[in-house]
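Visitor: The following block contains the structure, expressed as structure tokens.
The values are calculated or read from the model by the stated rules, or taken from the named source; none is laboratory data. Note that the coordinates shown come from a computational prediction; the quantities given were computed from them, not determined experimentally. Every residue, glycine as well, gets a Cβ built from its backbone with ideal geometry; the counts of neighbours run over all protein chains shown.
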């Protein structure tokens with residue numbers, strides 16, 4: 001469902017990072033391109049089986065959890081109002097690693113991938129937030145994945161799909177992609 005007026009959406013976005021730091025014109029551009037989607041409790045909003053991520057999601061109301069793949073998947077993170085997903089999958093043009101499941105009836109503001117790319121190119125604040133998010137995730141993964149000394153070959157990080165040592169030393173492919181994007185003028 002398209003949002004008729006972005007004023008309430010702007011108010012919501014201004015209460016959360018990175019939107020509270022974006023230029024007013026860039027934020028208005030973002031808000032004008034958002035649509036509202038409802039997801040019932042226990043509904044998978046996006047999952048690895050869906051293929052490459054197609055939409056950037058901002059939680060308006062409710063909560064979303066990340067569930068690992070498989071019949072006995074466990075929840076590994078939870079996000080609430082104002083938080084976004086799936087950043088890495090969108091940037092890298094790949095499927096998400098974990099299913100993103102609505103914990104309760106949840107409303108998300110959705111931005112199509114093409115519009116996401118446009119806002120990333122338009123807003124340095126938005127782009128920097130995405131780079132920072134990906135680099136933080138890569139550092140966190142490297143800490144979890146790094147094997148103890150003399151434990152054999154390095155393990156592959158389940159989030160970045162790379163050796164933990166690679167993630168710890170170099171920015172993720174998503175960060176490189178974002179850094180290489182030229183700002184729109």
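Visitor: Would you point out which residue out of 8, 52 is surrounded by fewer than 16 Cβ atoms within 10 Å (Cβ to Cβ), in contact with a helix residue (DSSP H, G or I) (Cβ under 9 Å, 6 or more places away or on another chain) and not in a strand (DSSP E or B)? Give the steps one after another, and end with the answer.
Guide: Details: 8 fails: in contact with a helix residue (DSSP H, G or I) (Cβ under 9 Å, 6 or more places away or on another chain).
Within the list 8, 52, the selection yields 52.
Visitor: When you go through 37, 31 one by one, which is the residue that is surrounded by 13 or more Cβ atoms within 10 Å (Cβ to Cβ), touching a strand residue (DSSP E or B) at 6+ places or on another chain (Cβ under 6 Å) and not in a loop (DSSP other than H, G, I, E, B)?
Guide: 37
Visitor: Another one. Of all residues in the range 56-69, which are farther than 17 Å from residue 19 by Cα and in contact with a helix residue (DSSP H, G or I) (Cβ under 8 Å, 6 or more places away or on another chain)?
Guide: Going through the range 56-69, the residues farther than 17 Å from residue 19 by Cα turn out to be 62-69.
Scanning the range 56-69 gives a single hit, 69.
Visitor: Quick check on the range 75-88. Is at least one of its residues within 13 Å of the chain's Cα centre (by Cα), modelled with pLDDT under 95, assigned to a helix (DSSP H, G or I) and surrounded by 15 or more Cβ atoms within 10 Å (Cβ to Cβ)?
Guide: yes
Visitor: Shifting gears a bit: For the range 118-127, name all the residues that are in a helix (DSSP H, G or I) and more than 13 Å from the chain's Cα centre (by Cα). Talk me through it step by step, then tell me what you get.
Guide: Looking only at the range 118-127, we keep the residues that are in a helix (DSSP H, G or I), and these are 118-122, 124-127.
Selection gives 118, 119, 121, 122, 124, 125.
Visitor: Which residue pairs have Cβ atoms under 6 Å apart, sit 6 or more places apart or on different chains, and have a first residue in the range 28-42 that is under 15 Å from residue 14 (Cβ atoms) and not assigned by TED's automatic domain parsing to the domain that holds residue 18 and a second that is at pLDDT 95 or above and loosely packed, with under 14 Cβ neighbours inside 10 Å?
Guide: Qualifying pairs under 6 Å: none.
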